[in-house]
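This is the structure I have questions about; it appears just below.
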């Protein structure tokens, strides 16, 4: 096999009480990528579709940097071309850079006969992600690579836990077309938090992990609360509280900020509820004059997948 | 049935990263209690064995106060006598007051034909526990009532989750015979904690819940870390770090402060490891001149039980 075509999925990180550690994988939105072996050694970005003006220099491109990290570690006897059909908008908060970073290393690994496991691949992808977000993290990489819900227990050493995904769990995402700078989203967070609130957060997070294990949708609903980060970051997203209020009315299990925003995610039991949530999001945001995209997706338990 | 004899177990609260929310139940140490229906209305503490000089007035006794809370709510057509054979030393940090509080209401409920569920009984027991600890909490009550590992998701409304207990999981406890005042253990805690440490704590706590669900002992070991409370409270327990270091050497999965101390708990896979931990605790503490008790116990998945 000299060429592989991939679907590299969008993801949601910072899942409410699981801020900085819990993410999940989407199915209905993701990048398409082609990775091709070449005789000429090196990493070459040969095509970028989607119209987002991303750099072709491997050292300046997220997919290129993660590919180079793997390439320099494994020193294979060939080179690789990378084509990216970018369908996840950069800056949307649903793991656009993570999809690129995961895609290149996953594809190279397949073409090289799978010398690396998924955790090792994620280590390479972290290098690419760091180019985009200016810090090393795996919040979006882990669910894109492993699928389902992932808990990044620690970065050093990298340890990723796969948490079970209840059947029939759907996500709805609204992406308001505004810019939230990651630096601003970081700067707005307090350095210290009240111990009492931290206790509430880990009670909710432990409950959420238990609820995912037991497919207890009502407990998912009661656990999807973020008392630490949401009160700050929601200020950066126009109409956040209004959207949240309206979607909870139509049966959402909960909602939160996807990544560092501006996208807002919601979880629902069943496709119909997820579509009702999409309608409520649309109705609320249509009145604001801000353009937006909406995605409805089953939780993708496979993660990145081969298309050909 | 007019009389019931009970084993009301000792418990460990504040399980490392699960500070304030996670507890588990012991099997080898607990109080024995007899609850008896009487024609005379009221709650009467008629016998207290064990030599701890506890009050006989129902309003001043933890078992009495929880019994009165239930009695006043249900207004039964009889009264109750309570006998307590106290085997859990008060102030040891393994839920002595919780055992008394749970025992009286569990016994009354059995004699009345089980009008209440375990969560409702815990609500009554909270009133008794508050007499001893000066605040309402269910950290020790929940595991004594339900058995196994319990997560107190919230106090108001009271919501208790039963987390699976891996087979072959044992606890070892050392109770150094010193006094740690609950007020001091509380005062030593900071009001605020670094957000970065709080994230580490909930990553560990989510991992621990996942590990209990999957019976992953190695992950239990990697998750049993408390980066928030232990650094402060361990200062109140002489030789804490030394004990912890020695028991980790002989195969303990982890250790922490039981409740607010002074007891130190440890978890192990299998009875033999738990006994090795007991020996290491004994060797370390024998040199200190401080008296101590040691308990080795399988995790008690049943909780409080009827003896006759």
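The values are calculated or read from the model by the stated rules, or taken from the named source; none is laboratory data. Being a predicted model, the structure only gives us computed values, none of them experimental. A quick note on method: Cβ atoms are made from the backbone with ideal geometry, for glycine too, and the neighbour counts reach across all protein chains shown.
Can you give me the number of residues within segment B:129-144 that are closer than 17 Å to residue B:30 by Cα and more than 14 Å from the chain's Cα centre (by Cα)?
Number of matching residues: 0.
While we're here: If I go through segment A:257-305 residue by residue, how many of them are under 19 Å from residue A:141 (Cβ atoms) and in contact with a helix residue (DSSP H, G or I) (Cβ under 7 Å, 6 or more places away or on another chain)? Walk me through it before giving the result.
Residues of segment A:257-305 that are under 19 Å from residue A:141 (Cβ atoms), as a first pass: A:257-261, A:263, A:265, A:297, A:299-305.
Cutting the leftovers down to in contact with a helix residue (DSSP H, G or I) (Cβ under 7 Å, 6 or more places away or on another chain) gives us A:257, A:260-261, A:303-304.
Of the residues in segment A:257-305, 5 are under 19 Å from residue A:141 (Cβ atoms) and in contact with a helix residue (DSSP H, G or I) (Cβ under 7 Å, 6 or more places away or on another chain).
Which one is farthest from the other protein chains (Cβ to nearest Cβ), of the residues in segment A:245-261 that are crowded, with 23+ Cβ neighbours inside 10 Å and touching a strand residue (DSSP E or B) at 6+ places or on another chain (Cβ under 8 Å)?
It comes out as A:247.
Considering only residues of segment A:151-209 that are in contact with a strand residue (DSSP E or B) (Cβ under 7 Å, 6 or more places away or on another chain) and assigned to a helix (DSSP H, G or I), which is surrounded by the most Cβ atoms within 10 Å (Cβ to Cβ)?
From segment A:151-209, those in contact with a strand residue (DSSP E or B) (Cβ under 7 Å, 6 or more places away or on another chain) are A:151-153, A:159-163, A:165, A:168-177, A:191-195, A:198, A:203, A:206-207, A:209; that's our starting set.
Imposing the further condition that a residue be assigned to a helix (DSSP H, G or I) reduces the set to A:195, A:198, A:203, A:206-207, A:209.
Details: A:195: 18, A:198: 25, A:203: 28, A:206: 28, A:207: 28, A:209: 31.
Looking at the filtered set, the residue picked out is A:209.
With segment B:210-308 as the region, which helices (runs of 4 or more DSSP H) entirely inside it contain at least 2 residues that are farther than 25 Å from residue A:196 by Cβ?
Working: elements: B:217-223, B:230-233, B:240-249, B:271-286.
It comes to B:217-223, B:240-249, B:271-286.
Ok, one more. Going through segment B:208-240 one residue at a time, which ones are within 28 Å of residue B:292 (Cα to Cα) and without any contact (Cβ under 8 Å) to a residue 12 or more places away in the chain?
Within segment B:208-240, just B:231 meets the criteria.
Residues in segment A:164-185: is at least one over 20 Å from residue B:16 (Cβ atoms), modelled with pLDDT of 95 or more and within 11 Å of another protein chain (Cβ to nearest Cβ)?
Within segment A:164-185 (the criterion being over 20 Å from residue B:16 (Cβ atoms), modelled with pLDDT of 95 or more and within 11 Å of another protein chain (Cβ to nearest Cβ)), the answer is yes, since at least one residue qualifies.
Applying the selection to segment A:223-235, what residues are facing chain B (nearest Cβ under 8 Å) and either at positive phi or in contact with a strand residue (DSSP E or B) (Cβ under 7 Å, 6 or more places away or on another chain) (or both)? Break it down stepwise before answering.
Taking segment A:223-235 and keeping what is facing chain B (nearest Cβ under 8 Å), we get A:223, A:228.
Of everything in segment A:223-235, just one residue is facing chain B (nearest Cβ under 8 Å) and either at positive phi or in contact with a strand residue (DSSP E or B) (Cβ under 7 Å, 6 or more places away or on another chain) (or both), namely A:228.
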